[in-house]
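Written below as structure tokens is the structure these notes are about.
The values are calculated or read from the model by the stated rules, or taken from the named source; none is laboratory data. Remember, it's a predicted structure, so these values are computed and weren't measured experimentally. In this analysis, Cβ positions are derived from the backbone assuming ideal geometry, glycine residues included, and neighbour counts consider all displayed protein chains.
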Amino acid sequence: MRAKVVKIYVAELILGKLMNLEYIAHLSEVEKKSILERMIKLQEEVGELAQEILISQKSSGLEHKTTGKDGIPGECVDVILVALSIFFKTGHSQLDLEKLIESKSKRWEKFQNNS
Ligand SMILES: [Mg+2]
């Protein structure tokens, strides 16, 4: 069942139903930040995601903190978008992305089935 869900997700991703990859590739191209700046931005977004998760887990020392407006889902998307901007700006295509997502998803599934 899970494998079927993953395959549907990947297929929809490839078909661009979940993401407008052409639009994201365009934004990545016209973005003024350098690759190095994007890498730092990615680390910032990963930190924001970590903080959201720690708050949601009521981690020690963060009891007084409240989640941000976008929460965990929004921070996940921020991470994805910045990572995609690096992917596209370093000369990789939508087809490269589709192939890599498919092959890496299959590899991930294989590891899950072997554990
Ligand atoms: Mg963010």
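Filtered by the rule that a residue be in contact with an Asp or Glu (Cβ under 9 Å, 6 or more places away or on another chain) and either of a type in the set (Phe, Trp, Tyr) or not in a helix (DSSP H, G or I) (or both), region 81-100 gives 87, 88.
Considering (1) exposed (fewer than 12 other Cβ atoms within 10 Å of the Cβ); (2) within 16 Å of the ligand (Cβ to nearest atom); (3) within 23 Å of residue 5 (Cβ to Cβ), the lone condition that residue 20 does not fulfil carries the number (2). Return yes or no: is residue 68 over 16 Å from the mean Cα position of the chain (by Cα) and more than 14 Å from the ligand (Cβ to nearest atom)? So residue 68 fails the test. All conditions but one from (1) in a helix (DSSP H, G or I); (2) within 11 Å of the ligand (Cβ to nearest atom); (3) modelled with pLDDT under 95 apply to residue 44; the one that does not is (3). Within region 25-53, residues that are touching a residue at least 24 places away in the same chain (Cβ under 8 Å) and among the hydrophobic types (A, V, I, L, M, F, W, C) reach partners that are part of a helix (DSSP H, G or I) and away from the ligand (no atom under 15 Å from the Cβ) with beta carbons closer than 7 Å, at six or more positions or on different chains, in the pairs 25/88; 25/94; 35/86; 35/89; 39/86; 42/86.
Looking for something farther than 26 Å from residue 21 by Cα and within 15 Å of the ligand (Cβ to nearest atom) - is there at least one such residue anywhere in region 73-86? Checked region 73-86: no residue is farther than 26 Å from residue 21 by Cα and within 15 Å of the ligand (Cβ to nearest atom).
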